[in-house]
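See structure below.
The values are calculated or read from the model by the stated rules, or taken from the named source; none is laboratory data. Fair warning: this is a prediction, and the values are worked out from it, not measured in the lab. Ideal geometry is used to build each Cβ from the backbone, glycine not excepted, and the neighbour counts take in all protein chains shown. Heads up: the accessible areas ignore ligands, DNA and RNA and are worked out on the full protein's heavy atoms, side chains in. Shrake-Rupley method; radii C 1.70, N 1.55, O 1.52, S 1.80 Å.
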Amino acid sequence: MFLSKRTNPRSNRNGNSCSVSLMLADSDPNFIQMMDVLLRTYHQDRIVMVGTARSGEDFLVQAQTLAPKVVLIDLHLPNLGGLWTIPLLRVVFPETRIIVLIPEDGIGSRSAILAVGGDEMVTKATVKTDLIPAIERVLKNGAAELGLPHNAIHNV
């Protein structure tokens, strides 16, 4: 694991207020490291990556402790894959927003991802540009589902 688990998802390493705790599940350590660098470099005041996992099983165990607001999960995790992990996460944390990492040719997976409880999808190829808008959408939609006013969700 490249990241230390931060116990306070509401503040970053500088002690500043942070509105989004994110957990990443992906089997590729290079992708995890790239996401860590990306988020710490460009979004550290808005997003805190509270933990990472490289399998669906590890992800579910850690998510119970970390309770992230948003998860970014690879569709093709080893052992317990994303399509199996997502509904289990939904049972434990129905309010958690789920963004699924799909391969570029994975657009056909959309109906299956939505059917098991995924909220949004981004490809690994476009994650650098598409992740923040996806987080904004899932948080806005999540607030609406909970009946909260639009301004109840802080800007990402």
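For the stretch 40-57, a residue qualifies if it is in a helix (DSSP H, G or I) and within 15 Å of HIS76 (Cα to Cα), and the qualifying residues are GLY56, GLU57.
Contact map, the stretch 24-36: first residue farther than 17 Å from VAL48 by Cβ, second residue in a helix (DSSP H, G or I), Cβ cut-off under 6 Å, separation 6 or more or different chains; pairs are ASP26/ILE32. Only one entry in LEU77, LEU83 is part of a loop (DSSP other than H, G, I, E, B) and crowded, with 19+ Cβ neighbours inside 10 Å, namely LEU77. For the stretch 38-61, a residue qualifies if it is hydroxyl-bearing (Ser, Thr, Tyr) and open to solvent by 10 Å² or more (accessible area, probe 1.4 Å), and the qualifying residues are THR41, TYR42, SER55.
Note on the stretch 96-109: among residues that are part of a helix (DSSP H, G or I) and under 18 Å from VAL71 (Cβ atoms), the one that is modelled with the highest pLDDT is SER109.
Okay, residues lined up against (1) closer than 20 Å to ASP36 by Cβ; (2) free of Cβ contacts under 8 Å to residues at least 12 places away in the same chain:
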{"position": "PHE59", "(1), (2)": "yes, no"}
{"position": "ALA63", "(1), (2)": "yes, no"}
{"position": "VAL71", "(1), (2)": "yes, no"}
{"position": "SER111", "(1), (2)": "no, yes"}
{"position": "VAL116", "(1), (2)": "no, no"}
{"position": "ASP119", "(1), (2)": "no, no"}
{"position": "THR126", "(1), (2)": "yes, yes"}
